[in-house]
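Since the structure comes first, as C-alpha cells, the remarks are kept for the end.
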Amino acid sequence: MTTSTPVSVPTAGSLTERQLDVIALAADGCDNRTIGRLLHIGEDTVKTHMRAACKKLGARNRAHAVASASAVAG
C-alpha cells in the first residue's frame, strides 16, 4: 500500500492583502505602471508582488494568477 503526500491547495487567504490588491487591479486590466501608481509603489514592487502571488497560486503567468485567484475566492 502506497501513501500519497497531501497536495496543498492555495487559498485566497494565503495571499497577502497587497498581492490581492495587485491581482485585483490586474484583473481590471491595469498594467504594472498603473498598478504601481494607484498603490503608491514602484513598478518593480508590483512585479515582486505578482511573482509571489503566482508562486503561491501555482500560476504560470499573470493571467493564470488572476484566474486562479478568482477561482479560489469563489
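Observations on the model:
- I41 long-range amide H proximity, modeled H, under 5 Å: none
- Solvent-accessible surface (1.4 angstrom probe) belonging to L15, in square angstrom, nearest 10: 10 Å²
- Largest-first ordering by accessible area, 1.4 Å probe, given options T34, T16: T16, T34
The values are calculated or read from the model by the stated rules, or taken from the named source; none is laboratory data. All values reported here derive from a predicted model rather than from experimental measurement. Just so you know, the surface numbers come from the protein's heavy atoms only, side chains and all, with ligands and any DNA or RNA stripped out. Shrake-Rupley method; radii C 1.70, N 1.55, O 1.52, S 1.80 Å.
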